[in-house]
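Written below as structure tokens is the structure these notes are about.
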Amino acid sequence: MKPRPTVWRCQECGFVSPKPGTCPDCKRASGALMPLVEERQATDRAPHRPDTLRTRPAPLRDITVEQGDRVTTRIGELDRVLGGGVVRGSLVLIGGDPGIGKSTLLLQAARALAEAAPPVLYVTAEESTAQVKLRADRLGVATDGLLLWVETDLAAVEAEIDTVKPRALVVDSIQTVFLPGLESAPGSVTQVRECAARLMTIAKGRGIATFLVGHVTKDGAIAGPRVLEHLVDTVLYFEGDAHQGYRILRAVKNRFGSTNEIGVFQMSTAGLHEVTNPSGLFLAERSHDAPGSVIVSSLEGTRPVLLELQALVTRASFGTVRRTVLGADYNRVCLLLAVLEKRAGLPLGMQDVFVNVAGGARITEPAADLGVVLAAASSFTDRAVPGDLLVVGEVGLTGEVRAVTALDARLKEAAALGFRRAIVPAGNVAESRALPLPTKGVATIHEAMRLVFD
Ligand code: TYD
Ligand code: MG
């Protein structure tokens with residue numbers, strides 16, 4: 001291969017220039033002067049695509065998809081987020097804050113994969129053998145088919161893969177492995193991108209299900225710029241507060257399944273446990289029949305999750321009123337409070353309003369609008385919304401209650417958790433038949449408030 005000339009690259013956005021200087025893209029975007037870093041290309045790089053991967057164009061109808069290409073990790077929540085198990089030859093990136101449980105999750109998944117399709121190679125470039133062994137003991141992982149290796153040199157890993165012939169590979173983490181042929185430091189854009197590209201070739205060429213751990217930087221992107229996200233097949237983020245017991249695994253990209261799917265886990269002393277009933281978790285400590293508390297349904301992927309929405313409306317003690325929102329969109333809540341004031345005549349102008357989603361959950365859906373309105377009205381009037389009532393509906397600016405998607409699934413979830421009635425958009429009731437729960441349809445927030453408080 002001919003040696004490629006030296007280039008200068010921005011470590012923030014990946015901009016490449018033939019000359020040194022500062023990055024014009026970053027300057028335009030944020031005014032920051034990011035120095036371009038010299039980058040000499042390796043001369044002995046293996047071509048990205050080996051001959052085994054070369055194919056010819058073929059008619060679509062002649063292409064067959066092999067069934068059974070998926071392997072289950074025996075962690076139901078992870079399997080569902082992956083789209084029904086991990087696909088052979090796919091590259092899965094798991095991102096998340098340090099300490100959130102990425103290594104724990106992958107070690108648990110590696111166990112099941114090693115039992116179903118040994119061997120599995122777990123390459124750790126961050127921890128010592130002893131550290132991983134201690135964790136494995138804690139989790140009760142003792143599988144012969146699971147091979148552990150402390151190694152940071154990806155070229156060595158590549159060589160070893162030919163001997164070990166693993167069916168699945170875990171690289172923990174992509175920021176700490178490096179290719180010795182490149183001059184940049186481990187964790188730099190070039191290294192991370194080249195390492196991931198090399199692993200992609202390995203995964204696709206040999207049909208190995210490959211998991212990469214990626215650390216999230218302060219601004220939330222994996223490896224600074226989002227270089228890896230386009231490259232890999234699947235991007236999962238592991239979220240949750242370190243001091244709260246539960247974790248949420250979210251698919252943000254998936255070439256083999258749906259995104260927006262979530263998996264819920266709880267961290268215990270013996271590792272991560274699946275939470276198959278997240279509504280129960282979020283509703284565990286709720287206070288029944290307390291003013292300001294309303295149960296709403298939020299669709300997470302295909303799964304409806306019930307959440308407790310709390311509002312506290314108190315008279316403002318100083319000249320300026322406060323609006324504080326946790327777990328929901330601030331602007332949306334302000335909009336709904338304005339609708340409540342204008343259309344239902346509630347004088348909220350001189351009131352502080354605090355809105356919170358219990359358990360640290362997040363509501364991203366407009367279907368919780370009516371819940372926000374009723375919670376605020378309930379706290380303002382100091383009259384409780386019944387504890388066995390589910391509230392569903394989007395609210396428009398004229399105070400109308402608009403139809404939502406997947407009403408049946410939401411009501412079924414509520415019925416399973418012991419709810420006995422629901423207030424839903426009139427538009428949904430008109431179209432639907434037998435519902436899993438006794439429901440009342442409402443067309444406006446006025447009607448909803450009359451139903452609940454009169
Ligand atoms: P870890 O998987 O190492 O996180 P990451 O790889 O994302 O950095 O583990 C995160 C935390 O979980 C760590 O602080 C210890 C805790 N933990 C438990 O509480 N129970 C367990 O069984 C294990 C293995 C870890
Ligand atoms: Mg780790």
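The values are calculated or read from the model by the stated rules, or taken from the named source; none is laboratory data. In this text, all values refer to a predicted model and were calculated from it rather than measured experimentally. A quick note on method: Cβ atoms are made from the backbone with ideal geometry, for glycine too, and the neighbour counts reach across all protein chains shown.
Structure summary
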{"item": "Within segment 122-137, considering residues that are within 9 Å of ligand 1 (Cβ to nearest atom) and closer than 22 Å to Leu199 by Cα, the one farthest from the chain's Cα centre (by Cα)", "result": "Glu127"}
{"item": "Matching entry among Gly292, Gly301 (being assigned by TED's automatic domain parsing to the domain that holds Gly327, on the phi > 0 side of the Ramachandran plot and surrounded by 23 or more Cβ atoms within 10 Å (Cβ to Cβ))", "result": "Gly292"}
{"item": "Any hit, segment 113-121, residues being surrounded by 15 or more Cβ atoms within 10 Å (Cβ to Cβ), within 14 Å of ligand 1 (Cβ to nearest atom) and either under 24 Å from the mean Cα position of the chain (by Cα) or free of Cβ contacts under 8 Å to residues at least 24 places away in the same chain (or both)", "result": "no"}
{"item": "Matching helices (runs of 4 or more DSSP H) fully within segment 53-155 where at least 2 residues are closer than 27 Å to Ala185 by Cα", "result": "102-116, 129-139"}
{"item": "Number of positions in segment 245-298 that are within 16 Å of ligand 2 (Cβ to nearest atom) and among the charged types (D, E, K, R)", "result": "1"}
{"item": "Out of Val123, Val141, Val92, sole residue that is in contact with a Ser or Thr (Cβ under 8 Å, 6 or more places away or on another chain) and within 16 Å of ligand 2 (Cβ to nearest atom)", "result": "Val92"}
{"item": "Odd one out for Lys204 among (1) assigned to a helix (DSSP H, G or I); (2) in contact with a Cys (Cβ under 9 Å, 6 or more places away or on another chain)", "result": "(2)"}
{"item": "Which numbered condition Val150 fails, given (1) buried (at least 18 other Cβ atoms within 10 Å of the Cβ); (2) within 16 Å of ligand 1 (Cβ to nearest atom)", "result": "(1)"}
{"item": "Enumerated strands (runs of 3 or more DSSP E) restricted to segment 276-329, each holding at least 2 residues that are in contact (Cβ under 8 Å) with a residue 40 or more places away in the chain", "result": "293-300, 303-315"}
{"item": "Filter result for Ala109 (within 16 Å of Val170 (Cβ to Cβ), more than 16 Å from ligand 1 (Cβ to nearest atom) and in the same structural domain as Trp149 (by TED's automatic domain parsing))", "result": "no"}
{"item": "Test: Asp172 is among the charged types (D, E, K, R) and within 12 Å of ligand 1 (Cβ to nearest atom)", "result": "yes"}
{"item": "Some residue of segment 192-211 being modelled with pLDDT under 90, within 20 Å of Phe238 (Cα to Cα) and within 13 Å of ligand 1 (Cβ to nearest atom)", "result": "no"}
{"item": "So Ala185, is it of a type outside the set (Val, Ile, Thr) and farther than 30 Å from Pro35 by Cα", "result": "no"}
{"item": "Strands (runs of 3 or more DSSP E) contained in segment 342-429 and holding at least 1 residues more than 30 Å from Gly319 (Cα to Cα)", "result": "389-391, 421-425"}
{"item": "Qualifying residue in segment 241-248 (condition: within 17 Å of the chain's Cα centre (by Cα), among the polar types (S, T, N, Q) and assigned to a strand (DSSP E or B))", "result": "no"}
{"item": "Verdict on Val189 being closer than 30 Å to Gly245 by Cα, assigned by TED's automatic domain parsing to the domain that holds Glu229 and hydrophobic (A, V, I, L, M, F, W, C)", "result": "no"}
{"item": "Output for segment 91-106, where each listed residue is farther than 21 Å from Trp149 by Cβ and either outside the structural domain of Ala209 (by TED's automatic domain parsing) or more than 8 Å from ligand 1 (Cβ to nearest atom) (or both)", "result": "Gly95"}
{"item": "Evaluation of Leu179 against (1) in contact (Cβ under 8 Å) with a residue 60 or more places away in the chain; (2) within 16 Å of ligand 2 (Cβ to nearest atom); (3) farther than 26 Å from Thr259 by Cα (one fails), failing number", "result": "(2)"}
{"item": "Residue that is touching a helix residue (DSSP H, G or I) at 6+ places or on another chain (Cβ under 8 Å) and over 25 Å from Glu300 (Cα atoms), where the choices are Leu389, Leu348", "result": "Leu348"}
{"item": "Test result for Thr259, at pLDDT below 90, in contact with a strand residue (DSSP E or B) (Cβ under 6 Å, 6 or more places away or on another chain), part of a loop (DSSP other than H, G, I, E, B) and not aliphatic (A, V, I, L, M)", "result": "yes"}
{"item": "So Asp329, is it surrounded by fewer than 19 Cβ atoms within 10 Å (Cβ to Cβ), of a type in the set (D, E, K, R) and under 31 Å from the mean Cα position of the chain (by Cα)", "result": "yes"}
{"item": "Evaluation of Gln175 against (1) under 23 Å from the mean Cα position of the chain (by Cα); (2) not in a loop (DSSP other than H, G, I, E, B) (one fails), failing number", "result": "(2)"}
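So that you can scan it fast, the table gives a plain yes or no per residue for (1) modelled with pLDDT of 80 or more; (2) not assigned by TED's automatic domain parsing to the domain that holds Leu249:
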| residue | (1), (2) |
| --- | --- |
| Phe15 | yes, yes |
| Lys19 | yes, yes |
| Leu33 | yes, yes |
| Ala46 | no, yes |
| Thr52 | no, yes |
| Pro57 | yes, yes |
| Arg80 | yes, no |
